[in-house]
Structure formats: C-alpha cells, structure tokens
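> This is the structure, below, for whatever I ask next.
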Amino acid sequence: MKSHLGALSRQLSTVRAGQRARAGWICQSCQSLQLPQSLRSIKASRKLFTSSAALRELKDKPYYVTSPIFYVNASPHVGHLYSMVIADVLKRWQVLKGKEAILSTGTDEHGMKVQRAAELQDIQPKALCDTNSETFKDLANKANISYDHFIRTTDPDHREAVEYFWSRLRESGYIYETKHEGWYCVSDETYYPESMIEKRVSPITGKPFTACAETGSAVEWTEEKNYHFRLTAFREKLLQFYSDNPSWVTPQNRFSEVISWVQNNLEDLSISRPVSRLDWGIPVPDDPSQTIYVWVDALINYITVAGYPVWPPGSEHAKGWPVDIHVVGKDIVRFHAIYWPALLMALDLPLPKRILSHGHWMMSRQKMSKSVGNVVNPFFALDRFGVDTMRYFLIYNGAMSSDADYSNEFIVDKYKKGLQGGLGNLLNRITRSKNWNIRDAVVSMHGKQSELVSTSVKMQKEYLESIVKEVSNRMDELNPKRALQAIMEFVFEINRFLQDAAPWDRSKAGDTAAVEQIIFFAAESVRVAGILLQPFIPEKSGQLLDRLGVSLDRRTLEHARLYADDGYGTPTVPLGEGAQSSLFPPLPVED
Ligand code: MSP
C-alpha cells in the first residue's frame, strides 16, 4: 500500500504540472486525480458506506476509543496522564462487556511548537521527537494504559494518509489559496480572532505582551499567503448534525460552547504555513513552499490508525472506523467538534460517534502546564503512590465539566479512605476470619432460595442486584467518575452491612446458617465490586479477585451478578502476612 500512496503523490504532482498520463477508462472524479487502479478501488469503496454489508459490519466493528496525541515539545505531566487514563477506562469497560475494543494514543510531533523547542535546544526536531515520544510511551506503559496503537505523526504511513486526505480535500473543491493575517498562538497552535486578544504584562519579566484572553498564551501577528479550508461552507451541516445528535459532545456545557462558536465565530480555516516559517511538518502535496497545518495533520492520526485509506470494499470498518469516543481536554474540543467533523464531511467520511471532554488539573489556581511551570511529573507520582492509586485518584477526583485541584494530600486522603479503609479493609474482614470460610458459604448458599436472616441482608441483596445497572448507566453517559464513585459507595455500604449484620456475633452464638448467609452476600458483593473495578484499578482489582479465588474466565460483566459464579471462594494466591497482608499497605511516605 505504501508504494501505492507514494505513487498517488507522484501522480498528483503530475496532474498539477498538467502532464496527464493516459490510462484506460476511469471514472470522472478519478480522472481529475489520475489515481492508480488500486486507489481507484479505495475511492470507490467510500460509496459502500451505505450498503447493507457495510452497515452490518459497522454494527460489529471493534469499539474504537482515542486519547489525544501529545505534543512532544516537553515531557508529559499529570494532565496528559489524565487524558490517557480516562480513555483507558472507557476501553477496558468495553472489554469487560465482552466487546472487541481498540485504544489509540500517541504523539503529535510536527508544528511550530516542536520546531521552536528543537531550535531552543539546538537539536534536530526529529531527534527531539524520538526522545520525547519515547517518554510518552513509557508513561502509557507505566500507567498500565492498554493501548493497541501508539501513533507518531512522523510515521511514514501517517504522512501518506495525510497526503491522500489533503489531495482528496483539494479535489473536493474545499481548499483555496489566499493571503491570511491574524494572531497566531504557537503554544496553542491556532489563530485567535481579534475579539479574543488582549494586552497583558508578564508577571515574571514585567514586559507587556499580546495574549489570548481565554488561555493567556502569547500570540504573534502573522501575514502570509496560505491555503484555506472552506469551513464556513459547513455551518448549516454542522448545526444540523449537532441538533440531530444532542449528546455528541459530553458534558453539555462544552457542547453549548461549540454550537455557539459555530453560530457566531466560524471562519474559514488556514490550513498551511509558508515553509519559510514552518518546515517541520508534512509539505503540501505538490506545493513544497507550504507546510500542512499541524492540527489537520494531527486530527488525521485517528483515521490513519483505522487503516485509512486502505479500506477494501466491505471492510471499511474492520479497524474500528468511525471512532466511538474521542477523549479530549476542554482546551481542544473546538478542533475535534468543529474542524474535524467538517473535514470528514468534506470527504463524505463517517463521523466519530461521541466526544468526551474533561476538565483541567489545576495547581495554585492555574492550569497545570509546562509554560506556566507548575507541572507534576507523572513518573514521580506513579512511583510514589502506585499506579492504581493514581488511576483511582485521577478518576475519582478529576473534573469533567469543571476543573480540579491537584494535591498530594488529596491523593493520600483518597488512598486512606477509599482504597485502604474501604476496599482493603473489607477484603481482609471477609477473607481472614477464623470463624468462617467463603468457599463453604458459596457451596452452601448456591442455588438455595433460603429465607433471609435479617433486613440488612435483604437490603444488601437488593443493592447488589441494582449496582451493575447503576454503574453501566454512568458509563453509558460517559461519566467514569460517577461510575467509580457509585462502585465505591457500594463498597462503603458493604462495610456498613458487615458492621450491622455482625457475623462474628452470630458465629459466637453458633448460628452457622446465618453466618454463611451474611458472608455469602458480602462475598458476592465484593466479587461484583472487584469485577466492576477492573477498568479503573486493573492490577489491584485483579489481586482482589485472586484473593477471592475468582477464576480468570469469570471476571467479565456477565459474571457481575448474584449467583453467577459458583466456583470461587478459595484464594488462588497466598493471603500474605504482615505488610503483605493488605492489598493497600501504608504508603511509603505520607504527607
Ligand atoms: N497535540 C494536541 C492534541 C492533538 S489530538 C489530535 C494537544 N496536545 S497537548 O499535549 O497539549 O495536550 C494533550 C491533552 O492533555 C489534551 O487533552 C489536554 O487537554 C490535556 N491536558 C494538558 N494539560 C492539562 C491539564 N492541566 N489538566 C488536564 N488535562 C490537560 O493538545
């Protein structure tokens, strides 16, 4: 395929130079590009999206989740980790449901921001990208992100996909060339309209500068000739699409901002820069004097990963397209919810199904960001608190529609209350007693509809019967934070249930039947909680299920039901003594 795409680029040059090669019969739209035979069939396959075979396949396609791809001008921070973890939780949830799911992450390596960072360090941009991309990949691995693709925008197949995408855009008539003047922000890699610009004074140097009022990042005036995308031609179509898909962007406050922007601020989009200013990027096919705008290049990563444009007829969706969920921070919603669908509409490609936007982590009331200098190194945090503690904290305390404060004290507090005091304590209480045995309780209670010994047992049973639905609803609403909180409320309730039902007293009184019933419902509740926690804290929940003796093939959502597993109860690992005895031992340093 690569050679076909290379051939396509060469063919396009030929067309531009007016040297049309003669071949056999080709359809009219292909004629304008003189595509090789192989790519003509790729073009023809686009039309198959409405065929019944393609629709059937669309239903069965893998669930496809993406995280943003990260700029490599600097090292990762906790904010980046947050985007990754949310995407990972959403993917793992689908796997738990028994679906095939794909998660893609990676690095965004072109553009002014990276070019300048390399200049400052006096190294080649590619060398900077190689080093920093590896660091992001290390972070994804360390944080147990179950990614299936780690794309780099400097990958050759991505470059070919971008060239192909661009060429088809030009063919569609939505690209034109014109002079552009405006305020460009290198840090945000975007132009801002005059209405968003203000004068500021740097708190560090005391020097005045011009900034974007929303992000506070410096902007610079630019006047240059470049290519534009007729974004305004899509105003009505976008608005119609939004109104047909009222939950397309979550949370709702971000969607309202998007709609208002399209109604009031939409302008055609400058999609290239003169190579004299920006040469670290993908050259415009057949016009090496221009470099493709980094955001167009970056957004296409999502479709490169899905194999675009090598989509043989009938298997357009085989690698996941269209995306089921794009996870993005609130600062980049506009690019995903306006530019991206318009670009896809221009090529008649299916649109992503949903966008989930999250809020920012703040330090000292400012967005954590490299340029402000208030970032938390995620590697240190993962080492210090543990991978699952960080995953737990980020989801539990992180913000979706607003922002959240980051602090080590909050992490310690969440660890002690939720993981150590809630989950770890509960597990110890039911697995370590000399007065009962979970396996005996499971064997004795399974399939038996015995009368319940107390109201608290009855209530616990009812709670257990409703929790999965509750968590599933929260996940369907794309609210992993509420889902995790719902599971933890359930965990806290199991502890209260044990306290109230007091199996130790019943045991002293020799009431074995009651003890077994209480322990059975507690164990069933912990088993279900453990299954539900897997997307959030995969390692710790795995250890919890090991300690309960739940076999590996009985850890799916299908098994998260009362009586769904009659084989557990004997730990498959030693329960450990001393410091090893708890799933959540004291943190090495607590402050
Ligand atoms: N390269 C673009 C994305 C292109 S996607 C086609 C980009 N990169 S970024 O490295 O600046 O940011 C990546 C993600 O990290 C974004 O979702 C952004 O919102 C998130 N975060 C960056 N700082 C953050 C916080 N302080 N808090 C939470 N998330 C933040 O934008």
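The values are calculated or read from the model by the stated rules, or taken from the named source; none is laboratory data. Since the structure is predicted, the reported quantities are computational estimates derived from the model, not experimental observations. When we count neighbours, we look across all protein chains shown, and the Cβ atoms used for this are built from the backbone with ideal geometry, even at glycine. Please note that ligands, DNA and RNA were not included when accessible areas were found on the heavy atoms of the full protein model with its side chains. Shrake-Rupley method; radii C 1.70, N 1.55, O 1.52, S 1.80 Å.
> Does Ser371 count as touching a residue at least 40 places away in the same chain (Cβ under 8 Å), within 12 Å of the ligand (Cβ to nearest atom), not assigned by TED's automatic domain parsing to the domain that holds Ala514 and not β-branched (Val, Ile, Thr)? Working first, answer last.
On the way: touching a residue at least 40 places away in the same chain (Cβ under 8 Å): yes; within 12 Å of the ligand (Cβ to nearest atom): yes; not assigned by TED's automatic domain parsing to the domain that holds Ala514: yes; not β-branched (Val, Ile, Thr): yes.
Here the answer is yes, as Ser371 does meet what is asked.
> May I ask you to list the residues in segment 318-333 that are more than 7 Å from the ligand (Cβ to nearest atom), closer than 11 Å to Ile355 by Cα and in contact with a helix residue (DSSP H, G or I) (Cβ under 7 Å, 6 or more places away or on another chain)?
Matches in segment 318-333: Val323, Ile325, His326, Val327, Val333.
> Further question on the same structure: Give the residues of segment 397-409 that are within 15 Å of the ligand (Cβ to nearest atom) and either β-branched (Val, Ile, Thr) or out of contact with any strand residue (DSSP E or B) (no Cβ under 9 Å at 6 or more places or on another chain) (or both), sorted by residue number.
Answer for segment 397-409, where residues must be within 15 Å of the ligand (Cβ to nearest atom) and either β-branched (Val, Ile, Thr) or out of contact with any strand residue (DSSP E or B) (no Cβ under 9 Å at 6 or more places or on another chain) (or both): just Ser402.
> Taking into account only those residues within segment 334-348 that are open to solvent by 10 Å² or more (accessible area, probe 1.4 Å) and either of a type in the set (Val, Ile, Thr) or away from the ligand (no atom under 13 Å from the Cβ) (or both), which is nearest to Glu477 (Cα to Cα)?
Only one residue tops the list, namely Met345.
> From the residues in segment 203-235 that are assigned to a loop (DSSP other than H, G, I, E, B), of a type in the set (Gly, Ala, Ser) and under 34 Å from the mean Cα position of the chain (by Cα), which one is surrounded by the most Cβ atoms within 10 Å (Cβ to Cβ)?
Ser217
> I would also like to ask the following. What residue, among those in segment 488-507 that are aliphatic (A, V, I, L, M) and assigned to a helix (DSSP H, G or I), is farthest from Ser541 (Cα to Cα)?
Ala501
> Right, Asp546: more than 17 Å from Asn428 (Cα to Cα) and assigned to a helix (DSSP H, G or I) or not?
The answer is no for Asp546.
> Same structure, new question: Could you give me the residue pairs with C-beta distances under 7 Å whose first residue belongs to segment 186-206 and is small (Gly, Ala, Ser), whose second residue is more than 16 Å from the ligand (Cβ to nearest atom) wherever it lies, and which are 6+ apart or on separate chains?
Final answer for the pair search is Ser202/Phe209.
> Of (1) part of a loop (DSSP other than H, G, I, E, B); (2) open to solvent by 80 Å² or more (accessible area, probe 1.4 Å), Ser187 satisfies all except one. Which?
(2)
> Pairs under 6 Å by beta carbon, first residue under 30 Å from Met112 (Cα atoms) in segment 245-274, partner open to solvent by 40 Å² or more (accessible area, probe 1.4 Å) and assigned to a loop (DSSP other than H, G, I, E, B), six or more apart or different chains?
Between residues of segment 245-274 that are under 30 Å from Met112 (Cα atoms) and residues that are open to solvent by 40 Å² or more (accessible area, probe 1.4 Å) and assigned to a loop (DSSP other than H, G, I, E, B), the close pairs are Asp268/Arg230.
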